[in-house]
Amino acid sequence: MQIFDTLDISASGLSAQRRKLTAISSNIANVDTTRTDEGGPYKRRRVVMLESPQPARFSAVLAGQQNRLDLTDAGHFAEPESRPGEVFAGSGVLTQEVREEAVKPRLVYDPNHPDAREDGYVVYPDINVVTEMVDLITASRAYEANVTAMSAAKDMTNKALSI
């Protein structure tokens, strides 16, 4: 594991949580949107996150840390080759996509609404504001945790450089 891997992991977490916060705020802002450019009501957006694999074996990272500073050759910080079936250490988060969820829309009887159907019902997106707020709090706490981890890694690096 290189010295800046912790910062890279936290940075990928910050980016992923920012995308999640953007999707959640878009969901909350469009809770009453009955007409979109694509036609129909707004569809709830959800960010899909996956672990990003690191090219170093976890066992090699643990074993290599002990004698790593004793090496003087050019391959001092070279990553070991991976072998099939070995466990990898995670190196962050990938946001695979922002997926629109196809859920059953909410029908509200309002015959005077401009988007009302012939039967008087208006099709609204089925977005639960309470669920979105819980997701918002979770994402903001995860964002704060990544900021704290990044700050701690920066402080440790600064302390190591001052030795």
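The values are calculated or read from the model by the stated rules, or taken from the named source; none is laboratory data. Quick caveat, the model's predicted, so the values are computed rather than measured. All Cβ positions, glycine included, derive from the backbone under ideal geometry; neighbour counts span all protein chains shown.
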Inset, instruction - Return the only residue of Asp155, Asp115 being acidic (Asp, Glu) and touching a strand residue (DSSP E or B) at 6+ places or on another chain (Cβ under 9 Å). - result: Asp115
Legend entry - From Val147, Val129, residue being within 21 Å of Leu14 (Cβ to Cβ) and β-branched (Val, Ile, Thr): Val147
Inset, instruction - Quickly run through the stretch 130-163 and pick out the residues that are among the β-branched types (Val, Ile, Thr) and under 20 Å from the mean Cα position of the chain (by Cα). - result: Thr131, Val134, Ile137, Thr138, Val147, Thr148
Inset, instruction - Scan the stretch 86-108 residue by residue and report those that are among the hydroxyl-bearing types (Ser, Thr, Tyr) and at pLDDT 70 or above. - result: Thr95
Legend entry - Residues that are outside any helix (DSSP H, G or I) and closer than 15 Å to Arg45 by Cβ, drawn from the stretch 1-32: Asn30, Val31
